[in-house]
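Step one of this worksheet: look at the structure below.
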Ligand SMILES: [Zn+2]
């Protein structure tokens with residue numbers, strides 16, 4: 001039988017064709033991303049290996065780092081010397097490097113994959129992936145001590161990191177406030193963060209740092225939250241007002257005026273908040289502002305931050321919302337100045353806020369100007385404190401002519417009152433923003449800044 005086999009082999013055309021195939025010289029192909037990887041505790045790497053000739057016979061994957069190689073995979077696929085692999089499909093292979101379970105030290109290493117095929121030549125392919133093994137989380141050294149923060153207010157933390165971090169900043173519940181390189185000390189970092197008006201009573205902000213290998217550190221901050229009772233107001237909705245705003249903001253004249261209005265007050269409000277958060281997700285790395293923020297000149301406060309609003313129609317409650325800015329009014333079509341230096345990042349219609357300007361002041365701090373009747377700036381323009389942005393008006397959900405002024409930190413609305421207050425800025429921020437080497441400090445509780453308030457509520 002064997003003799004017959006050999007006979008067929010050596011003398012037929014079929015034999016020649018077989019021999020050509022059996023001695024093919026194309027090596028297997030190993031596909032992977034061979035770029036430098038930072039590798040933490042459990043690292044998964046994926047390869048695809050294929051050989052279109054006789055098929056893949058073996059695949060071996062290991063790590064070299066100076067010492068003994070550590071094997072991660074060694075496979076021999078099904079097939080025979082005379083007919084090649086049973087399957088010549090691409091084979092997807094995942095290997096996991098569990099650094100806890102291997103004797104490899106942190107540092108540089110190479111992940112190597114080698115494949116051979118079923119050709120008589122045993123063609124070989126090799127791929128090397130450079131790795132930096134890093135199982136240690138970044139060390140965070142918080143340089144600011146016990147801090148008093150008002151609910152709805154802003155704080156600033158300064159910290160050091162002992163290794164480059166992909167992501168660092170302050171986590172407050174679900175919200176992340178990005179950190180920046182300290183503008184005056186390149187060895188330090190800082191992050192503005194907010195205690196959102198609606199955060200849990202026992203919310204605990206923490207500085208987090210995530211290195212390139214995904215090792216994470218979280219250092220809780222010692223803060224004391226100063227609670228204050230939010231103000232409240234009732235807003236009487238009239239059919240005429242709602243019809244006018246529906247026509248302005250979505251168009252049309254619906255039969256069910258109340259439902260259409262509530263869709264704006266809830267749905268559009270939420271959409272606008274998301275859009276604002278997205279605009280504020282990128283901020284200048286430089287501090288662009290100085291000193292207290294300018295309040296609209298000769299203005300009266302119509303409604304304050306975090307005011308709880310109940311909406312009434314024909315004597316019954318139809319909705320509740322929280323007012324996340326300051327309503328300021330003077331004369332109609334009053335000139336609206338930029339509250340501080342910065343760059344205009346939005347100047348357009350923005351749903352319930354009407355014609356709106358958003359200014360980036362750097363380091364994740366933004367100001368918002370809503371309900372304007374007229375805009376005199378464009379996106380991308382650098383503005384100075386006091387420079388006119390446009391004129392006040394009634395666009396969006398405004399009943400009377402006024403400015404809706406907002407301050408945002410990392411996309412979260414905070415109480416603007418603190419930012420109007422030079423003393424608060426000096427005591428809470430200036431030292432941390434300018435000092436050469438920080439030492440833990442003890443602050444005194446902030447007194448409530450003094451801004452006159454009048455009770456005539458505006459809608460927005
Ligand atoms: Zn408002």
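The values are calculated or read from the model by the stated rules, or taken from the named source; none is laboratory data. No experiment lies behind these values; they were computed from the predicted model shown. Counting neighbours? That spans all protein chains shown, and the Cβs are built from the backbone with ideal geometry, glycine included.
Just one of the listed residues (389, 368, 363, 381) is within 16 Å of the ligand (Cβ to nearest atom) and in the same structural domain as residue 328 (by TED's automatic domain parsing), namely 368. The strands (runs of 3 or more DSSP E) found wholly in segment 39-92 and carrying at least 2 residues that are touching a residue at least 40 places away in the same chain (Cβ under 8 Å) occupy 42-50, 56-64. Going by the structure shown, is residue 232 modelled with pLDDT of 95 or more, in contact with a strand residue (DSSP E or B) (Cβ under 8 Å, 6 or more places away or on another chain) and closer than 21 Å to residue 195 by Cα? Taking the combined requirement at face value, the residue does not satisfy it. Quick one: which residue in 354, 315 is closer than 30 Å to residue 229 by Cα and crowded, with 21+ Cβ neighbours inside 10 Å? The unique qualifying residue is 354.
Could we say that residue 55 is more than 28 Å from residue 136 (Cα to Cα) and out of contact with any strand residue (DSSP E or B) (no Cβ under 6 Å at 6 or more places or on another chain) here? It is false that residue 55 is more than 28 Å from residue 136 (Cα to Cα) and out of contact with any strand residue (DSSP E or B) (no Cβ under 6 Å at 6 or more places or on another chain). Right, residue 147: within 23 Å of the chain's Cα centre (by Cα) and either farther than 30 Å from residue 87 by Cα or surrounded by fewer than 22 Cβ atoms within 10 Å (Cβ to Cβ) (or both) or not? Judged against the criteria, residue 147 is not a match. Residue count for segment 312-355, restricted to those that are in contact with a helix residue (DSSP H, G or I) (Cβ under 9 Å, 6 or more places away or on another chain), in a strand (DSSP E or B) and within 14 Å of the ligand (Cβ to nearest atom): 2. Give the residue that is surrounded by the most Cβ atoms within 10 Å (Cβ to Cβ), with candidates limited to residues of segment 297-311 that are within 13 Å of the ligand (Cβ to nearest atom) and outside any strand (DSSP E or B). For segment 297-311, the residue satisfying everything is 305. Those residues that are at pLDDT 50 or above and either within 16 Å of the ligand (Cβ to nearest atom) or surrounded by 13 or more Cβ atoms within 10 Å (Cβ to Cβ) (or both), I need them from segment 424-458; list them, please. Hits for segment 424-458 are 424, 425, 427, 428, 429, 430, 431, 432, 433, 435.
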